[in-house]
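Remarks on the structure that follows.
The values are calculated or read from the model by the stated rules, or taken from the named source; none is laboratory data. Predicted model, so just to flag it, every value in this text is computed and none were measured. Cβ atoms come from the backbone with ideal geometry, glycine included; neighbour counts cover every protein chain shown. For accessibility, only protein heavy atoms count, side chains too; no ligands or nucleic acids. Shrake-Rupley method; radii C 1.70, N 1.55, O 1.52, S 1.80 Å.
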Amino acid sequence: AQSVTQPDIHITVSEGASLELRCNYSYGATPYLFWYVQSPGQGLQLLLKYFSGDTLVQGIKGFEAEFKRSQSSFNLRKPSVHWSDAAEYFCAVRGNQGGKLIFGQGTELSVKP
Amino acid sequence: DVKVTQSSRYLVKRTGEKVFLECVQDMDHENMFWYRQDPGLGLRLIYFSYDVKMKEKGDIPEGYSVSREKKERFSLILESASTNQTSMYLCASSRVGSNTEAFFGQGTRLTVV
């Protein structure tokens with residue numbers, strides 16, 4: 001069965017600092033991986049996705065993520081965080097049969113001025 | 001603009017009541033999902049539907065049922081609401097396929113008293 005682990009429940013970074021949010025997945029075959037962001041009181045918005053090809057994928061709002069099969073990881077990064085990036089971030093996995101989309105526990109990001 | 005609409009943003013119900021949460025999408029998507037979101041637990045899949053009248057249990061189906069009589073509408077039913085079902089409920093839809101993005105509604109904050 002698919003599963004996703006986000007080890008960090010809450011992270012605080014200073015504005016302008018770099019950011020890395022961790023995501024580890026469990027799936028027997030090639031996974032389809034996603035990062036979503038949820039601003040307070042809002043639904044989820046897709047940041048980026050990976051399903052094949054280049055293991056470094058670019059997303060919206062200056063985010064990128066790197067797929068590492070050997071580590072079963074799909075970490076999200078941003079070189080310079082803005083105050084507006086404060087939100088909750090969710091990693092998700094889907095199997096190659098399509099269907100169920102399974103999410104991690106989420107990481108809440110706070111940004112210090 | 002793509003849209004997933006949940007019928008209520010906030011709902012307060014009494015213990016033992018039958019509760020219906022409605023979700024409508026206007027994108028002709030085959031897949032629809034119901035998730036429950038709780039702090040520290042992320043999004044947990046309750047039920048998934050891949051076609052009209054077709055459904056599959058997610059990770060936490062107990063106490064819930066679903067109905068999909070039309071392609072655009074997916075209803076979540078709490079047969080007898082309990083206080084431990086107080087939560088945020090998120091509906092999503094996607095086209096068929098593993099690499100397709102899921103679009104989310106704004107969520108329904110349900111309180112059972």
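Things worth noting here:
- Considered as an equivalent ellipsoid built on the Cα gyration tensor, the protein assembly as shown has semi-axes of 29, 21, 15 Å, the largest given first.
- Overall, the accessible surface of chain B at a probe of 1.4 angstrom is composed of carbon and sulfur to the extent of 49 percent.
- Once C-alpha pairs closer than 8 Å and six or more residues apart are averaged by separation and normalised to the residue number of segment A:1-66, the relative contact order reads 22 percent.
- Around the amide H of A:GLU15, modelled in the peptide plane, lie the amide H atoms of A:LYS112, all under 5 Å away and 5 or more residues distant in sequence or on another chain.
- A:LYS112 contributes an accessible area of around 110 Å² to the protein surface, as traced by a 1.4 Å probe with all chains present.
- Where the alpha-carbon atoms of chain A are placed on the principal axes, they occupy 43, 28, 22 Å, in descending order.
- Sorted on the mean count of surrounding Cβ atoms within 10 Å across their residues, most packed first, peptides A:63-76, B:34-47 read B:34-47, A:63-76.
- Inter-chain shielding of A:102-108 (mean C-beta neighbours from other protein chains, 10 Å cut-off): 5
- Relative intensity of segment B:34-103 on a log10 scale, I(q)/I(0) at q = 0.12, 0.29 Å⁻¹, equals -0.32, -1.51, per a Debye sum over C-alpha point scatterers of equal strength in the absence of solvent.
- Extension gain from A:GLU15 to A:GLU66, taking 0.36 nm per residue of separation minus the Cα-Cα distance: 16.1 nm
- In segment B:1-72, the alpha-carbon atoms span a convex hull of 118 Å³ per residue.
- Rounded to the nearest whole Hz, the Karplus-based 3J(HN,Hα) values (6.51 cos²θ - 1.76 cosθ + 1.60, θ = phi - 60°) of segment B:85-101 follow the sequence 9, 5, 5, 9, 10, 10, 9, 9, 9, 7, 5, 6, x, 6, 9, 8, 6, with x at glycine and proline.
- Across peptide A:29-40, the average count of Cβ atoms from other chains found within 10 Å of a residue's Cβ is 2.
- Members of B:LYS3/B:LYS53; A:LYS61/B:LYS55; A:LYS49/A:LYS100; A:LYS61/B:LYS57; B:LYS18/B:LYS70 lying beyond 23 Å, as alpha-carbon distances in this model show: A:LYS61/B:LYS55; A:LYS61/B:LYS57
- Averaged over B:6-18, number of beta-carbon atoms from partner chains that fall within 10 Å: 0
- Average accessible surface for the protein assembly as shown: 47 Å² per residue, computed with a 1.4 Å probe over protein heavy atoms with every protein chain in place.
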